[in-house]
Structure formats: structure tokens, C-alpha cells
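The values are calculated or read from the model by the stated rules, or taken from the named source; none is laboratory data. Source: prediction; values computed, not measured. Virtual Cβ from ideal backbone geometry, glycine too; neighbours counted across all protein chains shown. With ligands, DNA and RNA removed, areas are computed over all heavy atoms of the protein, side chains included. Shrake-Rupley method; radii C 1.70, N 1.55, O 1.52, S 1.80 Å.
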Amino acid sequence: EFRRVLFRSRDTLWVLADISALKRYQDEIEHLAMHDALTGLPNRRLLEDRLRQGLALSRRDGQPLAVAYIDLDGFKGVNDRLGHAAGDLLLQDAAQRILEGVREHDTVCRMGGDEFVLLLPVLKQEDEAEHIVQRVLQSLRRPYGLGSEGAVHVTASAGLALYPHDAHDGETLLRLADAALYQAKAAGRNQLSRW
């Protein structure tokens, strides 16, 4: 930061200060405000912003957009049986698998616990969202290596809602995708349910 201080009409003093550490700290605080600390994924606050942007883009271009809730089946049992450290490793691995299963411009968000949300904008057709979510669910079915705890098997359930077919605003899309998730769990888990 450069600052010029005037003493008299002819005298000038320049003060040079390195604020790069302060800037890094500020960037880190901003990142933490918008991302989950455990997985590094966007949090609800960032998801809501991206959902607003995605809906505006979908309205402009006339393309569908999807929201999917994903919940790990049996996560509580792993957490209770093997401890929170093992549960944290499982969540980090699951987050990475979900990221690998979506497209580059999709958003994966951790809502808390073992619940994730996928925002799938710019769909060519509505059934493209189902293919993406099924690919993610398939990836989540693979065994999880938890170090000294060995491998555990966990499945996932998902609920899907689409704009403009199911709703026209972000809050309703999220609510319908969450309700569809509970339909999938009630139907036996380890599956995708569309609202």
C-alpha cells in the first residue's frame, strides 16, 4: 500500500507497507464464510448465490436446471461404530467422489452432516440430470477405505427436482428435492427419486 503524507506545501513523505499477509488472511476468512471446513465444498450460502445465478441463466436461455439432494445411507452407523474421525474421512472421500461425478460447471455443496446438494445448470435435456446423479450414486457405492478401520460399504439416496418442470424458484426447488430424497429413503434407500 502506498500512502503519501503532506507535511508542508513542498515536503512529501512516502510510506510503503506490505499488506500481503493481511490480504491473504482476508481471502481465507472470505473462503471460510462460503465453504464447508471439513470438505472444502461450497456451503449453503454459496449454493444459494449460485442457484440464483443458475436460474437467471436458465430463464434467459430456456434450458432446464436441476437440484439434487444426496444423503449417505448408514453414515450414522459408521460414525457411531468407528468414531468421528472415521466419519470425517468418509465424508471427505464421498465429497471427492461426488465432485468427480459431476460436470465442471456444476456445484456440489455440503449442507451439513452427511447431506449434499448438487446444482446442475445448463442441462441440454431434463434426463441428463438423472444420468449425472445415477453416476454419482454408483460412485458412492464403492467401498470406502478408512485407514486402520478397514473398508466400509455405504450407499446413498437422492432426490431430484427440476426447473421449470417442478418449480420456478430456488427455495421451492431445494424443498422439493429434499422431499424427493425422503421418498427415496422411504422406498428402500440406495436409489434416486424424482419429485
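A compact table of results
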{"quantity": "Qualifying positions in the range 144-164 - at pLDDT 95 or above and over 21 Å from the mean Cα position of the chain (by Cα)", "calculated": "PRO164"}
{"quantity": "Test: residue in the range 105-119 that is open to solvent by 30 Å² or more (accessible area, probe 1.4 Å), touching a residue at least 60 places away in the same chain (Cβ under 8 Å) and closer than 23 Å to GLY147 by Cβ", "calculated": "yes"}
{"quantity": "Residue within the range 171-184 that is in a loop (DSSP other than H, G, I, E, B) and either open to solvent by less than 10 Å² (accessible area, probe 1.4 Å) or among the hydrophobic types (A, V, I, L, M, F, W, C) (or both) present", "calculated": "no"}
{"quantity": "Condition met for ALA167 (free of Cβ contacts under 8 Å to residues at least 24 places away in the same chain, open to solvent by 20 Å² or more (accessible area, probe 1.4 Å) and either out of contact with any His (no Cβ under 6 Å at 6 or more places or on another chain) or part of a strand (DSSP E or B) (or both))", "calculated": "no"}
{"quantity": "Unmet requirement for SER139, which otherwise passes all of (1) farther than 28 Å from ARG45 by Cβ; (2) assigned to a helix (DSSP H, G or I)", "calculated": "(1)"}
{"quantity": "Selected residue (only one of ALA86, ALA94 is open to solvent by less than 50 Å² (accessible area, probe 1.4 Å) and modelled with pLDDT of 95 or more)", "calculated": "ALA94"}
{"quantity": "Those residues of the range 129-144 which are touching a residue at least 24 places away in the same chain (Cβ under 8 Å) and not polar (S, T, N, Q), in sequence order", "calculated": "ALA129, GLU130, ILE132, VAL133, ARG135, VAL136, LEU137, LEU140, ARG141, ARG142, TYR144"}
{"quantity": "Sole residue being modelled with pLDDT of 80 or more, buried (at least 17 other Cβ atoms within 10 Å of the Cβ) and under 20 Å from GLU171 (Cα atoms), chosen from LEU57, LEU65", "calculated": "LEU65"}
{"quantity": "The range 56-82, subset in contact with a strand residue (DSSP E or B) (Cβ under 6 Å, 6 or more places away or on another chain) and in a helix (DSSP H, G or I), residue nearest to ASN190 (Cα to Cα)", "calculated": "VAL78"}
{"quantity": "Residues that are at pLDDT 75 or above and either in a helix (DSSP H, G or I) or in contact with a helix residue (DSSP H, G or I) (Cβ under 8 Å, 6 or more places away or on another chain) (or both), drawn from the range 15-27", "calculated": "SER20, ALA21, LYS23, ARG24, GLN26"}
{"quantity": "Matching residues, the range 122-138, being modelled with pLDDT of 95 or more and either of a type in the set (Phe, Trp, Tyr) or open to solvent by 20 Å² or more (accessible area, probe 1.4 Å) (or both)", "calculated": "GLU128, GLU130, HIS131, GLN134, ARG135, GLN138"}
{"quantity": "Test: residue in the range 74-94 that is closer than 30 Å to ASP166 by Cβ, among the acidic types (Asp, Glu) and out of contact with any Leu (no Cβ under 8 Å at 6 or more places or on another chain)", "calculated": "no"}
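To keep it simple, each residue is scored yes or no on (1) over 24 Å from HIS35 (Cβ atoms); (2) of a type outside the set (Gly, Ala, Ser).
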site: VAL136; (1), (2): no, yes
site: ARG142; (1), (2): yes, yes
site: LEU146; (1), (2): no, yes
site: ALA158; (1), (2): no, no
